[in-house]
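**Student:** Pasting a structure here, questions to come.
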Amino acid sequence: MNIEVRYYSKSGNTKKIANAIAKQVGVSAKSIHEPIQGEIDVLFLGTGIYAFDIDPELKEYISNLNPANIKMVVVFSTAAIVKSAYEKAKKCLQDQGLTVSNAEYHCPGHYMILRKGRPNADDLKNAEQFAKSLINSL
Ligand SMILES: Cc1cc2nc3c(=O)[nH]c(=O)nc-3n(C[C@H](O)[C@H](O)[C@H](O)COP(=O)(O)O)c2cc1C
């Protein structure tokens, strides 16, 4: 199975989750600045939330993904207040013709005085468990 992990991360919180997921599925996590090559079975795509939305740069990235080469996208996210980036990301991904998994992973991410220490060790462990269960379910 061809699996890729890409993330958009301004301050490193989502990158930590991306690395945990990537380790679990045996690949390296890369930023969205590294292009996807070939045919992918599962693309884990992660982001933080900025001003209650996903970043315009991530939207642009999604609008350049080729749905013919990616069977399914699995969204993961971190945020200080918002409960998930899933719906925002899903809309952009579906508008691009991509199939989005119903399963998502989200945990709090540190921002200023909020959510200090997150993601923590448990968040990383839960992300690994999420990725393992998801891949095993396919
Ligand atoms: C410029 C900026 C704007 C943010 N706006 C929000 C927001 O509107 N809602 C929220 O829940 N978190 C907000 N956050 C917090 C981030 O979503 C949180 O820190 C997240 O973990 C960042 O992920 P990253 O470190 O991968 O960039 C904001 C963070 C930054 C830097």
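**Student:** Name the residues in region 56-68 that are in contact (Cβ under 8 Å) with a residue 12 or more places away in the chain and either among the small types (Gly, Ala, Ser) or in contact with a strand residue (DSSP E or B) (Cβ under 6 Å, 6 or more places away or on another chain) (or both), would you?
**Tutor:** Scanning region 56-68 gives 58, 63.
**Student:** So, residue 122, is that one loosely packed, with under 12 Cβ neighbours inside 10 Å and out of contact with any strand residue (DSSP E or B) (no Cβ under 9 Å at 6 or more places or on another chain) or not?
**Tutor:** no
**Student:** For region 71-85, give me the residue count where each residue is farther than 16 Å from residue 9 by Cβ and crowded, with 22+ Cβ neighbours inside 10 Å.
**Tutor:** Going through region 71-85 one residue at a time, the tally reaches 2.
**Student:** Among residues belonging to region 101-119 that are surrounded by 19 or more Cβ atoms within 10 Å (Cβ to Cβ) and within 12 Å of the ligand (Cβ to nearest atom), point out the one that is farthest from residue 20 (Cα to Cα).
**Tutor:** Only one residue tops the list, namely 111.
**Student:** Exactly one of these conditions fails for residue 1: (1) within 22 Å of residue 111 (Cα to Cα); (2) part of a loop (DSSP other than H, G, I, E, B). Give me its number.
**Tutor:** Among (1) within 22 Å of residue 111 (Cα to Cα); (2) part of a loop (DSSP other than H, G, I, E, B), residue 1 violates only (1).
**Student:** A further question follows. Please state which of the following conditions residue 63 fails to meet, knowing it meets all the rest: (1) loosely packed, with under 14 Cβ neighbours inside 10 Å; (2) near the ligand (Cβ under 10 Å from one of its atoms); (3) under 20 Å from residue 101 (Cβ atoms).
**Tutor:** (2)
**Student:** Please work out if residue 77 is more than 15 Å from residue 87 (Cβ to Cβ), touching a Ser or Thr at 6+ places or on another chain (Cβ under 8 Å) and either within 14 Å of the ligand (Cβ to nearest atom) or among the hydrophobic types (A, V, I, L, M, F, W, C) (or both).
**Tutor:** no
**Student:** May I ask you to list pairs of residues, at least six apart or on different chains, whose Cβ atoms are under 6 Å apart, with the first in region 1-12 being of a type in the set (S, T, N, Q) and the second being surrounded by 15 or more Cβ atoms within 10 Å (Cβ to Cβ) and assigned to a strand (DSSP E or B)?
**Tutor:** Between residues of region 1-12 that are of a type in the set (S, T, N, Q) and residues that are surrounded by 15 or more Cβ atoms within 10 Å (Cβ to Cβ) and assigned to a strand (DSSP E or B), the close pairs are 2/40.
No lab work stands behind these numbers, since they all come straight from the coordinates. Note that the structure is predicted; figures quoted are calculated from it, not measured. Positions of Cβ are generated from backbone atoms using ideal geometry, with glycine treated the same way; all protein chains shown enter the neighbour counts.
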